[in-house]
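I have placed the structure first, in the form of structure tokens, so that the comments after it can refer back to it.
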Amino acid sequence: MKTLLTTSALALTLATAAAAEGELKIYHWFEYIPQELLDKFAEEYDVTVTMDTFDSNEALLATLKAGKLGEYDVAVPGDYMVKIMADEGMLDTFTPDEMPNFDNIEDQWVDVEFDPGRKSTIPYQWGSTSFSVNTEAYDGPLDSLSLIFEPPEELKGKINVLDTSGETLTLASLYAGIPQCTSDREQLKALNALVQGAKPAWASFGSDVAKDVLVSGDAAAGMIWSGFSAKARAEGAPIEYVFPKEGMIVWMDNVALLKDAPNRDNALKFMNFLLEPENAAAVTNYAQYTAGVEGVAEFLEPEVANSPESNPPADAKGVFVQACPEEVQVLYDAIWTNLKK
Amino acid sequence: MAGAAPGGGASRSEVYRGSGPRLLLPAWIFIGVFLLLPVILMAVYSFLTKEFRGGVIWEFTFAAYDQFFLNRGLFGDEPPTIEWTYLGIFWRSIWQAGLATFFCLLIGFPTAWYVATRPVSTRSVWLFLITIPYWVNLLIRTVSMKFLLRDTGPLNEFLMWTGVIAEPLSLINTNFAVQVGLFYSYLPFMVLPIYAAVERYDFALSEAAADLYCDSWTTLRLVILPAVKPGIVAGCILVFVPSLGAFLAPDLLGGAKTFMIGSLIEEQFKGAAGNWPFGAAAAMILLTVVMGVLLIHARAQMREDG
């Protein structure tokens, strides 16, 4: 019996060793990469891929700060979080010659403010954060953030907002015409009053459920990310994504090479792999945002390429979320806690 | 500990004499590593200075407790008054947990009574049936409750089909839904200890009470309840404590509109500013409150038992 156990344990060890040359550990957003693509990478490069997921940029930072840095190879932070992580010294750097496909990055996304010259990150997908409205529940004009913050009777009590202070308070600021990261007392008081006044009309706070509440009909309007809205439509929600005249949030998620990555080589291979137009297109077809990679067009499914969410009107206005300094951020946090107390 | 058992094999107690502390070692290690160490760590963190966006600076401060109890205005420059924000969140959680405990007791006691008074042969079947839903993960059960309660869910569809209501009832994202979720999640924690107590109850006592012209209500109050009280208390603690820290039901069924203790603490670690010392302080205060209540109860119990 003992021999049998030893033998099978040995066989198991050998099998694992034979199965993969190395490992790759990814820390990623939920529902953001097709499993087939991970399988494809694992097979092509003979690497065992494991992935954990998070649901907000802040959760990503918190996990890495709590001691997980050094366990993951790559993570996928949004624009402002790249800046924060770089400032915290959590990112490793690479040179373009370590990545043959580096030139595939679209020109407009190479010299970005949050990572000038792309020394630690590559583009993953970009999109916008706004809201969608069920057109069966409301047939008025769809052009303003007032539908969320000063909603009409039809939508009251049927609104879901994202459960992250960054996105919800930034959209509120856009509606109120207040600059981001303001420390002006009157403006902050106005922002506080705006969200306090709107809350009774909100049914729920939820980010990971943002799509489901629209599909199920629990919410008739909901803040949502552009691709998530497209997916909700594909799942049968009779909704329209709104490009508000006050502006919306534009963001870009990036694959970042983490400091102390245990498998740095595989991480670079994976980033290079994601810069192949065909693979970048596979992510876009799945997540329904927009890749920052050249040459993806021919691989895109027509309904994804032509989705209204990914093709904003020419006059649509977007802003990136800014990372506020500490003394200002605590004020926004106080407003958020006050809103949910 | 290994005291000499009266009348029972002197040789055995001889063997174990003095080895008590050594035999307790595994238990002490377990308590030390998994209970004391984390609590001490938490206590220490609650007195450290917060680092922006998570983390701590090793400088001693009362700032976290100050923030919890004192309100200095949005901009921190007003004279301090009592801060009701967090006390309010705590009170809401305690109220919710208390209500859930009450409903669990209301339904759990008769259920346990019914099961315990069945013939021995069928009792295990009833117990088995009560535990079946709990083979499924708590998250899945909470999400299914959400499906049941939503405007287009089976409950509303059925009521509209029967014509009892014309418009769907707004059940989801209400405190009612949270209560349903907590009740459903923790009911067996109430039923099982009470069942154990009722099963040991000597029904001759009820007969004696009846012989002495006790009506059934008085029998319940003066004879049965005191006898099964330990089971009821254990059940109440087992429901109240996890309900207090519950976050799945408030988030999924209540719409996460208001912080509960659990989500308030979570926000300190996952939120935008990340204030670990404050999260640790809130957890310490919660721990102190729960410990306090349990200690008071233990004291009262000891006094009662003489």
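Filtering B:Leu264, B:Leu295, B:Leu220, B:Leu248 for residues that are of a type in the set (A, V, I, L, M, F, W, C), loosely packed, with under 14 Cβ neighbours inside 10 Å and out of contact with any Lys or Arg (no Cβ under 8 Å at 6 or more places or on another chain) leaves a single hit, B:Leu295.
Taking the criterion of being crowded, with 21+ Cβ neighbours inside 10 Å and of a type in the set (S, T, N, Q), the residues of region A:43-97 that qualify are A:Ser56, A:Asn57.
Does A:Ala198 qualify as being modelled with pLDDT of 95 or more, crowded, with 17+ Cβ neighbours inside 10 Å, more than 11 Å from chain B (Cβ to nearest Cβ) and more than 17 Å from A:Tyr80 (Cα to Cα)? So A:Ala198 fits the description; yes. Here region B:20-79 is the region considered, the condition is being β-branched (Val, Ile, Thr) and within 30 Å of A:Leu188 (Cβ to Cβ), and the residue that is surrounded by the fewest Cβ atoms within 10 Å (Cβ to Cβ) is B:Ile57.
Can you go through A:Pro238, A:Pro244 and tell me which one is within 21 Å of B:Asn156 (Cβ to Cβ) and away from every other protein chain (no Cβ under 12 Å)?
Only one candidate passes the filter, namely A:Pro238.
Look through region A:63-83, keep the residues that are within 16 Å of the chain's Cα centre (by Cα) and within 13 Å of chain B (Cβ to nearest Cβ), and return whichever of them is nearest to A:Val321 (Cα to Cα). The qualifying residue nearest to A:Val321 (Cα to Cα) is A:Tyr80. Would you check which residues across region B:62-85 are assigned to a strand (DSSP E or B) and without any contact (Cβ under 8 Å) to a residue 12 or more places away in the chain and list them? Passing the criteria: only B:Thr81.
Right, B:Ala97: in contact with a Pro (Cβ under 9 Å, 6 or more places away or on another chain), aliphatic (A, V, I, L, M) and surrounded by 17 or more Cβ atoms within 10 Å (Cβ to Cβ) or not? Yes. Please determine whether any residue of region B:88-95 is among the aromatic types (Phe, Trp, Tyr), within 14 Å of chain A (Cβ to nearest Cβ) and either touching a residue at least 40 places away in the same chain (Cβ under 8 Å) or out of contact with any Asp or Glu (no Cβ under 7 Å at 6 or more places or on another chain) (or both). Yes, that holds for at least one residue. Got at least one residue in region A:305-325 being surrounded by fewer than 19 Cβ atoms within 10 Å (Cβ to Cβ), assigned to a helix (DSSP H, G or I), within 14 Å of chain B (Cβ to nearest Cβ) and without any contact (Cβ under 8 Å) to a residue 12 or more places away in the chain? No, the conditions are met nowhere in region A:305-325. Across region B:110-122, the number of residues qualifying as out of contact with any helix residue (DSSP H, G or I) (no Cβ under 6 Å at 6 or more places or on another chain) and part of a helix (DSSP H, G or I) comes to 5. Inspect region B:165-175 for any residue being over 15 Å from B:Leu106 (Cα atoms), in contact with a helix residue (DSSP H, G or I) (Cβ under 6 Å, 6 or more places away or on another chain) and touching a residue at least 24 places away in the same chain (Cβ under 8 Å) and give the result as yes or no. Yes, the conditions are met somewhere in region B:165-175.
When B:Val178 is tested against (1) in a helix (DSSP H, G or I); (2) free of Cβ contacts under 8 Å to residues at least 60 places away in the same chain; (3) within 14 Å of chain A (Cβ to nearest Cβ), only condition (2) is not met. When region B:200-217 is filtered for residues that are assigned to a helix (DSSP H, G or I) and under 28 Å from B:Leu99 (Cβ atoms), the ones remaining, listed by number, are B:Ser216, B:Trp217. The single condition among (1) within 14 Å of chain A (Cβ to nearest Cβ); (2) at pLDDT 90 or above that B:Thr152 does not meet is (2). When the criteria are applied in full, B:Thr142 meets the requirement of being closer than 23 Å to B:Ala246 by Cα and surrounded by 13 or more Cβ atoms within 10 Å (Cβ to Cβ). Looking at region B:243-278, which of its residues are assigned to a loop (DSSP other than H, G, I, E, B) and facing chain A (nearest Cβ under 9 Å)? Result: B:Gly254, B:Gly255, B:Ala256, B:Lys257, B:Thr258, B:Phe259, B:Gly271, B:Ala272, B:Ala273, B:Gly274, B:Asn275.
Note on region A:156-185: residues that are over 23 Å from A:Leu61 (Cβ atoms), more than 14 Å from chain B (Cβ to nearest Cβ) and surrounded by 15 or more Cβ atoms within 10 Å (Cβ to Cβ) total 4.
The values are calculated or read from the model by the stated rules, or taken from the named source; none is laboratory data. Since the model is a prediction, treat every value here as computed from it, not as a measurement. Note that we place each Cβ from the backbone using ideal geometry, even for glycine, and neighbour counts take in every protein chain shown.
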